[in-house]
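First the structure, in the form of structure tokens, and then the observations on it.
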Amino acid sequence: MSYSASNRTITDRAAPAVLVLEDGKRFVGKAYGALGQTLGELVFATGMTGYQETLTDPSYAGQIVLMTAPHIGNTGANDEDMESRRIWVSGFVVREPSRVVSNFRSQRSLDSDLETGGVVGISGIDTRAITRHIRSAGSMRSGIFSGPDFDLSEAEQLERVQNAANMAGRNLSDEVSTVDPFSLPAQGERIGSVAVLDLGVKTSTLNFLAERGFEVLVLPQTVTAEDVLSLKPDALFFSNGPGDPAASDAHVALLQECLRAGLPYFGICFGNQLLGRALGFRTYKLPFGHRGINQPVLDKSTGRVEITSQNHGFAVDMPIEGVHESRTGFGNVEVSHYSLNDNVVEGIRCLNIPAFSVQYHPESAAGPHDANYLFDRFREMVLAQTATTGAGDAQ
């Protein structure tokens with residue numbers, strides 16, 4: 001039995017699939033999306049909504065994403081909620097896919113998007129048990145096998161999982177970044193330009209920058225500091241993105257040179273980790289990361305608690321209290337925000353140069369709007385710097 005094209009999400013097929021973890025645990029369910037084999041780091045995301053934004057977030061490249069919400073796909077998919085040009089997750093794990101799409105904005109089913117994108121998934125397994133296991137044992141390599149690959153021996157499937165690349169040490173920026181530079185015009189009064197290093201940027205982030213009066217110059221991750229400075233931007237922005245920040249030495253060097261040139265800087269997620277490294281602090285891998293749209297963060301300057309959207313498996317190693325001296329000559333810095341769940345650094349503020357960053361996603365796609373004010377803070381910082389130096393190009 002199947003449903004009509006207008007509301008169909010899946011057919012009642014019985015194709016089996018299996019999720020295999022690198023520690024040998026196996027979970028047998030049904031194929032969801034494309035058939036075949038996929039390998040990646042298994043992580044869980046706690047958002048009750050926003051599955052399309054999650055799937056199209058480039059920060060999830062190289063990862064198999066498990067949704068903790070039990071019912072996924074009921075609102076279908078559309079072009080407007082795409083956060084990038086394609087789906088980036090390596091695989092998708094859900095408890096129960098919705099059989100019927102019911103939303104006036106839907107243009108197609110989630111299942112059809114997964115199939116078109118070649119995303120191998122699995123449904124009908126105990127996602128709660130897997131989440132609890134990851135929280136205890138940590139994120140780990142895994143694989144989903146369906147179609148002919150389901151019939152591989154258990155030993156062969158496990159060997160393929162254990163031979164897959166670890167996320168630590170991987171530089172994935174070249175897989176998600178734009179190849180060619182492009183720009184977005186400022187909306188309303190133009191206050192200047194911002195050079196955006198695309199490490200896996202979301203569409204919403206670019207739109208929010210444009211809405212603040214910035215002409216947005218989006219650059220490939222291969223550019224040099226000389227390339228950036230030749231554009232004479234009024235500010236620099238590093239986006240979110242996948243991979244290990246410790247494997248991005250070239251981006252750290254680029255950022256350091258631009259900071260020394262006096263460019264105001266704002267970074268989010270991966271851009272926060274790279275600012276930490278540029279200031280001389282190290283980064284480390286979290287046991288299972290922060291992923292979801294309900295992560296509580298404390299803003300130390302206001303005492304306000306923000307509920308934030310997050311997606312990261314690495315963090316900056318820096319004491320959350322006190323003022324610290326940059327080990328690379330950028331003056332004093334402090335932690336501006338931290339996680340109320342585990343005290344992980346969630347924001348950095350430089351006290352002697354115009355630079356700050358946050359670990360979470362203030363563009364709120366998907367997620368709450370608590371942190372959207374940070375784009376206004378960036379605008380104000382750039383305007384203040386322009387007024388001080390008289391070097392802006394605002395028109």
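Could you state the accessible area per residue of the chain in Å², with a 1.4 Å probe and every protein chain left in place?
39 Å²
Rounded, prolate or oblate: which fits the range 54-106 when a ≥ b ≥ c are the square roots of the eigenvalues of the alpha-carbon gyration tensor, with rounded for a/c under 1.5 and prolate only if a/b beats b/c?
oblate
So if I place +1 on the C-beta of Lys and Arg and -1 on the C-beta of Asp and Glu, and nothing else carries charge, what would the dipole magnitude of the chain be about its Cα centre? I want it in debye, nearest 20.
660 debye
Within the range 32-68, which residues have the backbone N less than 17 Å from the label spot 7 Å out from Val100 along Cα→beta-carbon, could you tell me?
Within reach of a label on Val100, which here means backbone N under 17 Å from a point 7 Å along Cα→Cβ, the range 32-68 contributes nothing.
How long is the gain from Asp180 to Ala165 if the chain were fully straight, where each residue apart is worth 0.36 nm and the alpha carbon distance is subtracted?
Additional length available on full extension: 2.6 nm.
How far apart, in nm, are two points set 7 Å out from the Cα along the Cα-to-Cβ line at Ala129 and at Thr224?
The answer from the label model is 5.6 nm.
Given the chain, what percent of its DSSP beta bridges are antiparallel, to the nearest 5?
60 percent
Given a Förster distance of 25 Å, report the FRET efficiency between Met48 and Asn372 from their Cβ-Cβ distance, rounded to the nearest 0.05.
0.80
Evaluate the charge dipole of the range 185-296 about its Cα centre and quote only its size in Debye, nearest 20, assuming +1 on the Cβ of each Lys and Arg and -1 on the Cβ of each Asp and Glu.
In total the dipole reaches around 380 debye.
Roughly how many nanometres apart are two label points built 7 Å out from the Cα toward the Cβ at Leu286 and Arg85?
Reported label-point gap for Leu286 and Arg85 is 2.9 nm.
Given labels modelled 7 Å from the Cα in the Cβ direction, how far is it in nm from Arg26 to Asp249?
Label-label distance for Arg26 and Asp249, simple model: 4.2 nm.
May I ask you to order 36-43, 220-227 by the average number of other C-beta atoms within 10 Å around their residues, highest value first?
36-43, 220-227
Using only helices, what value at 222 nm comes out for the chain when you add -39,500 (n - 2.57) per DSSP H run of length 4 or more and divide by the total residues, to the nearest 500 deg cm²/dmol?
Dividing the helical sum by the residues of the chain leaves -6500 deg cm²/dmol.
Placing +1 on the Cβ of each Lys and Arg and -1 on the Cβ of each Asp and Glu in the range 181-231, which of Val196, Ala210, Gln221 has its Cα farthest towards the positive end of the resulting dipole?
Going by the charge dipole, the pick is Ala210.
For the range 72-106 and the range 228-252, compute the distance between their C-alpha centroids and round to whole Å.
Their Cα centres are 30 Å away from one another.
Note down the accessible area of Glu115, probe 1.4 Å, to the nearest 10 Å².
Glu115 has an accessible surface of roughly 80 Å² with all protein chains in place.
Report which label in [x] 86, 44, 35; [y] 68, 41, 39; [z] 63, 46, 35 holds the value of Cα extents along the principal axes in Å derived from the coordinates of this structure.
[y]
What's the carbon and sulfur percent of the range 106-215's accessible surface, probe 1.4 angstrom, rounded to a whole number?
Exposed carbon and sulfur together represent 43 percent of the surface.
Pull out a ≥ b ≥ c, the square roots of the eigenvalues of the alpha-carbon gyration tensor of the range 28-75, then state rounded if a/c is under 1.5, prolate if not and a/b is larger than b/c, and oblate in the remaining case.
Oblate, since a/c reaches 1.5 and b/c is not below a/b.
In terms of Cα to Cα distance under 17 Å, which aspartates and glutamates are near enough to Lys232, apart from those fewer than 8 places away along the same chain?
Filter leaves Glu215, Glu257, Asp393.
Take every DSSP beta bridge whose two residues both sit in the range 37-147, then give the antiparallel share in percent to the nearest 5.
Around 40 percent of the beta bridges assigned by DSSP in the range 37-147 are antiparallel ones.
The values are calculated or read from the model by the stated rules, or taken from the named source; none is laboratory data. This structure is a prediction, so every number in the text was calculated from the model and none was measured. Using ideal geometry, Cβ is built from the backbone for each residue, glycine included, and neighbour counts are taken over all protein chains shown. Note: accessible area is taken over every heavy atom of the protein model, side chains too, but ligands, DNA and RNA are not part of it. Shrake-Rupley method; radii C 1.70, N 1.55, O 1.52, S 1.80 Å.
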